[in-house]
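Participant: Attaching a single structure in structure tokens format; questions to follow.
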Amino acid sequence: MTHTGRVVTRFGAELVIEDETGQRRRCTSRRRLQDAVCGDRVEWSPSDSGNDVVTAILPRHNLLQRLDPRGQTRPVAANLDQVVVVIARRPPPQWPLVDRYLVAIEHLDARALLVVNKADLEPDASDPQPGMEERYRQLGYPVLHTSASAGLGLDDLRGELKDRTSILVGQSGVGKSSLIQALL
């Protein structure tokens, strides 16, 4: 018997699927389905021995991809409603990276949300382009200020995430994991 579910975690060939009832199930994907990613809707079948088996990836609404070090595109997440681009006061934002994310989001048919984390800190004096937050806001991108450590803006962020399939992206050290932990 085949069931449907959504991929919520992936570790190599092992997937965690949330089924129709909200229960999480450990699954292994068939070899030809190696590109299943978080957010994918899949078909799976129960197994009497070991993990259940993912047998098919259902059609995707969209797919966020990135280039690997060899220049090959690799899928990151699928069926997104929103991409949350996290920057921080420290380290200083890499504005060209933010621009690349926003261009990718525009091609996804997804909503972009810019989150300035560590908002309880003063901006880094080495920021090469101060005032960029306001420029993005003027272009129509929503901007939230948060601080995972101080609890600032977490309720607003929770509200923006509610009922949306989202992914947090951004440069290393901006507090993506800290925000997720604070929200959980």
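Participant: Find all pairs meeting these conditions: Cβ atoms under 6 angstrom apart; at least six residues apart or on different chains; first residue within the stretch 52-75 and part of a loop (DSSP other than H, G, I, E, B); second residue open to solvent by less than 50 Å² (accessible area, probe 1.4 Å) and not hydrophobic (A, V, I, L, M, F, W, C).
Facilitator: Correct list of pairs: Arg60/Asn79; His61/Asn79.
Participant: How do the pairs read when you match residues in the stretch 98-113 that are closer than 16 Å to Ala88 by Cα with residues anywhere that are of a type outside the set (A, V, I, L, M), using Cβ under 7 Å and keeping only pairs 6 or more apart or on different chains?
Facilitator: Between residues of the stretch 98-113 that are closer than 16 Å to Ala88 by Cα and residues that are of a type outside the set (A, V, I, L, M), the close pairs are Leu113/Gln82; Leu113/Pro142; Leu113/Glu160.
Participant: Give me the residue from the stretch 114-153 that is open to solvent by 40 Å² or more (accessible area, probe 1.4 Å) and outside any loop (DSSP other than H, G, I, E, B) and, out of that set, farthest from Ala88 (Cα to Cα).
Facilitator: The residue in question is Gln138.
Participant: In the stretch 20-38, which residues are free of Cβ contacts under 8 Å to residues at least 24 places away in the same chain and either more than 19 Å from Val76 (Cβ to Cβ) or in a strand (DSSP E or B) (or both)?
Facilitator: Selection gives Glu20, Thr21, Gly22, Gln23, Arg24, Arg31, Arg32.
Participant: Is the stretch 172-180 home to any residue that is assigned to a helix (DSSP H, G or I), in contact with a Gly (Cβ under 8 Å, 6 or more places away or on another chain) and at pLDDT 95 or above?
Facilitator: For the stretch 172-180, residues assigned to a helix (DSSP H, G or I), in contact with a Gly (Cβ under 8 Å, 6 or more places away or on another chain) and at pLDDT 95 or above: present.
Participant: So, one more: Out of the residues in the stretch 11-38 that are of a type in the set (Val, Ile, Thr) and more than 20 Å from Leu64 (Cβ to Cβ), state the one that is modelled with the highest pLDDT.
Facilitator: Here the residue is Thr21.
The values are calculated or read from the model by the stated rules, or taken from the named source; none is laboratory data. Nothing here was measured: the structure is a model prediction, and the numbers come from that model. Cβ coordinates were reconstructed from backbone atoms using ideal geometry, including for glycine residues, and neighbour counts include every protein chain displayed. Just so you know, the surface numbers come from the protein's heavy atoms only, side chains and all, with ligands and any DNA or RNA stripped out. Shrake-Rupley method; radii C 1.70, N 1.55, O 1.52, S 1.80 Å.
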